[in-house]
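> Below you will find the structure I want to go over with you.
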2 protein chains.
Amino acid sequence: MKKFINAVDRVLTESLRGFGAAHSDIVRVQMEPTFVARADAPVKGKVALISGGGSGHEPLHAGFVGRGMLDAACPGQVFTSCTPDQMAAAAQAVDGGAGVLFIVKNYAGDVMNFEMAADMIGGDQATVITNDDVAVEDSTYTTGRRGVAGTVVVEKMVGAAADKGADLAACKALGERVNKATRSMGVALTSCTVPAAGRPTFQLGEDEIEMGVGIHGEPGRKRVKLESADAIANTLMHAIETDLKPKAGAPALLLVNGFGGTPLMELYLMYDAARRYCEGRNIKVARSLVGNYTTSLEMAGCSLTLTALDDELTKLWDHPVRTAALRWGV
Amino acid sequence: MKKFINAVDRVLTESLRGFGAAHSDIVRVQMEPTFVARADAPVKGKVALISGGGSGHEPLHAGFVGRGMLDAACPGQVFTSCTPDQMAAAAQAVDGGAGVLFIVKNYAGDVMNFEMAADMIGGDQATVITNDDVAVEDSTYTTGRRGVAGTVVVEKMVGAAADKGADLAACKALGERVNKATRSMGVALTSCTVPAAGRPTFQLGEDEIEMGVGIHGEPGRKRVKLESADAIANTLMHAIETDLKPKAGAPALLLVNGFGGTPLMELYLMYDAARRYCEGRNIKVARSLVGNYTTSLEMAGCSLTLTALDDELTKLWDHPVRTAALRWGV
């Protein structure tokens, strides 16, 4: 294992300390219990959005804390759920009096821990569970579908609505609507190595790829021989389209998400391939995002995400956002 | 070689086509001769900034085209200089009547080709050559020092000055001043693979790292056993500090630049280590940037860059910028 670390048990705290110092204008990092909050939290009268989960998916979620997105993120150890005390402390720190909405990726540990936190906290709170990954049902850590890069779209759009003054019920309903309008699927070219494990999570042959991989290296639909970028994009997009069933000619957001070890040059090439697929299927790519947003440490690979847009969702996407990893309009 | 590609000879054009489509609000991509220009170019009365060089370092340079930074970027094939006809066509497209400034990383091929372009174009033009890498003198492709991630700082600050109305002579003088105030050094944990070569550029042992590596995988100062993040950061920062000799207590910009294959989590951990070095040496980190900005395809590793700031440079850094890869204040 070749990584920039000092000690396996200090990876998270040292990385978070760096993150907090690099972005002190946007966030405040709290340790024990550990969470990342907006520097200006609590924002009075605004619904507070909190997400979290295992680390190793950076910039998800701490990179999306800031105006127009999350109020707090609770990072667990690498690929390990955060704990209820983190979530409860985060909720207390960022609750502006209009309630707290938890945005939780659908993994058994995360869902259970956020449920426990909700019980601890009481008061006005609600939860949105994201499960945008069409690859498989009932995976290694999941009952139902996994929550993956589409979570970024949910956090962005609900964050915009909360910034504009939507109440807790409206934020929850919107989050569920965006999640339902969003589908993703990923592919791995290599494994990743969890620092505490010290060896690759799984093994792939020299010419093999894992189609439908999860963001922790969970198995996908099938292991196949390396194909062209166009063929890979077509497989992913076809699975997404078949499941989402977008209306002909309707606008969509296309997100090409790198898993951490794939050059930007290849991500834009995959975007080009996915966009050509959309054009051929009368899906209008009205908004785009290309980059590393929901990663799996240094895994080479990417996921494609499609969100069916309407005027409201498009405006929420375009709404100003100021976080470490996503910033426009402000 | 496992990469998202369709054909080796179409990597650049397909990737650029994707880049142009994903960022059509910011850039316009022109093919044959190939360059990326601001969507609103030419900007009348503004000095036009043009950079370029081999691809494979994304987002450098196309990701920095837009308001407050570059007017155009000329991408060559992977790790191969762009050609004079690209530079001349770009200059013609973005010249707003106030002259053209070329920002060129110090590699023999790039310098020669930009000189030829300058001869072809005539008129008001000037060149700034960046050579911020303290690792070695007279490297594989270079006489003198290599231009690396510090180029981003030069492009940002000169871009801000041009946006504020500085004339050609002032932009050139500023570019040289920023370059002189900037030092970098990098380290590789793995090699990268150029698509056309199909195999890794160099070989590193399981526990070896290349200290002082270039952004094309050129040899550095020495090959050593893997060390802790703190030890690596100290080696890089010590080399930078010894060369830059920043004034005690003076403000500085600290850039931690990923080479493409290193997770953000580790880059923030390296930032934490570098920042602690600075604190111990009475260097005040006043501005920070952490992420993949000058990459070497999928190489695992990073570089550290320090720029000695003053009030003018700090204001230029903070000036609004709107590009695909760097965006704030607008």
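> Of the residues B:Ala286, B:Ala300, only one is touching a Ser or Thr at 6+ places or on another chain (Cβ under 7 Å) and within 8 Å of chain A (Cβ to nearest Cβ); which?
Going through B:Ala286, B:Ala300 in turn, the sole match is B:Ala300.
> Also: Mind telling me which of the residues B:Ala286, B:Ala273 ends up being over 22 Å from B:Trp317 (Cα atoms) and outside the structural domain of B:Phe79 (by TED's automatic domain parsing)?
On the way: B:Ala286 fails: over 22 Å from B:Trp317 (Cα atoms).
The match here is B:Ala273.
> So, one more: Are any residues in segment B:294-309 farther than 22 Å from B:Phe202 by Cα and touching a Pro at 6+ places or on another chain (Cβ under 8 Å), and if so, which ones?
B:Leu306, B:Ala308, B:Leu309
> Select from segment A:204-236 the residues that are touching a residue at least 40 places away in the same chain (Cβ under 8 Å), over 20 Å from A:Ala274 (Cβ atoms) and within 14 Å of chain B (Cβ to nearest Cβ) and list them in ascending order.
Passing the criteria: A:His216, A:Gly217.
> Of A:Val8, A:Val29, A:Val43, which residue is of a type in the set (Val, Ile, Thr), at pLDDT 95 or above and touching a strand residue (DSSP E or B) at 6+ places or on another chain (Cβ under 7 Å)?
A:Val29
> Find the residue count for segment A:11-33, including only residues that are within 14 Å of chain B (Cβ to nearest Cβ) and in contact (Cβ under 8 Å) with a residue 40 or more places away in the chain.
9
> Look at segment B:41-65 and say how many of its residues are under 17 Å from B:Leu297 (Cα atoms) and more than 14 Å from chain A (Cβ to nearest Cβ).
Residues flagged as under 17 Å from B:Leu297 (Cα atoms) and more than 14 Å from chain A (Cβ to nearest Cβ) within segment B:41-65 amount to 1.
> Just checking, which of B:Thr143, B:Thr201 is assigned by TED's automatic domain parsing to the domain that holds B:Pro263 and surrounded by fewer than 22 Cβ atoms within 10 Å (Cβ to Cβ)?
Details: B:Thr143 fails: assigned by TED's automatic domain parsing to the domain that holds B:Pro263.
Being assigned by TED's automatic domain parsing to the domain that holds B:Pro263 and surrounded by fewer than 22 Cβ atoms within 10 Å (Cβ to Cβ) holds for just one of B:Thr143, B:Thr201, which is B:Thr201.
> Hey, another quick one. State whether one or more residues within segment A:134-144 are within 21 Å of A:Leu297 (Cα to Cα) and aromatic (Phe, Trp, Tyr).
yes
> Consider B:Ala173 carefully, then state whether it is surrounded by fewer than 17 Cβ atoms within 10 Å (Cβ to Cβ) and on the phi < 0 side of the Ramachandran plot.
When the stated conditions are applied, B:Ala173 passes them.
> Considering only residues that are over 23 Å from B:Glu58 (Cβ atoms) and in a loop (DSSP other than H, G, I, E, B), which ones fall in segment B:235-269?
B:Lys245, B:Pro246, B:Lys247, B:Ala248, B:Gly249, B:Ala250
> Does B:Val111 count as farther than 27 Å from A:Ala188 by Cβ, under 22 Å from the mean Cα position of the chain (by Cα) and surrounded by fewer than 24 Cβ atoms within 10 Å (Cβ to Cβ)?
Here the answer is yes, as B:Val111 does meet what is asked.
> Check segment A:75-86 and report whether any residue there is of a type outside the set (S, T, N, Q) and under 17 Å from A:Asp40 (Cα atoms).
no
> A follow-up question, please. Given the structure, is B:Val8 away from chain A (no Cβ under 11 Å) and more than 13 Å from B:Ala72 (Cβ to Cβ)?
Working: away from chain A (no Cβ under 11 Å): yes; more than 13 Å from B:Ala72 (Cβ to Cβ): yes.
Yes, satisfied.
> Next up: If you check B:Lys172, B:Lys222, which single one turns out to be among the basic types (Lys, Arg), out of contact with any helix residue (DSSP H, G or I) (no Cβ under 6 Å at 6 or more places or on another chain), closer than 25 Å to B:Thr151 by Cα and outside the structural domain of B:Glu298 (by TED's automatic domain parsing)?
Within the list B:Lys172, B:Lys222, the selection yields B:Lys172.
> When you go through B:Val154, B:Val148, B:Val158 one by one, which is the residue that is part of a loop (DSSP other than H, G, I, E, B), at pLDDT 95 or above and surrounded by 23 or more Cβ atoms within 10 Å (Cβ to Cβ)?
Sole residue among the options that is part of a loop (DSSP other than H, G, I, E, B), at pLDDT 95 or above and surrounded by 23 or more Cβ atoms within 10 Å (Cβ to Cβ): B:Val148.
> Give me the residue from segment A:257-271 that is touching a residue at least 40 places away in the same chain (Cβ under 8 Å) and facing chain B (nearest Cβ under 8 Å) and, out of that set, farthest from the chain's Cα centre (by Cα).
Across segment A:257-271, the extreme among qualifying residues is A:Leu269.
The values are calculated or read from the model by the stated rules, or taken from the named source; none is laboratory data. These numbers come from a predicted model, not from an experiment. Virtual Cβ from ideal backbone geometry, glycine too; neighbours counted across all protein chains shown.
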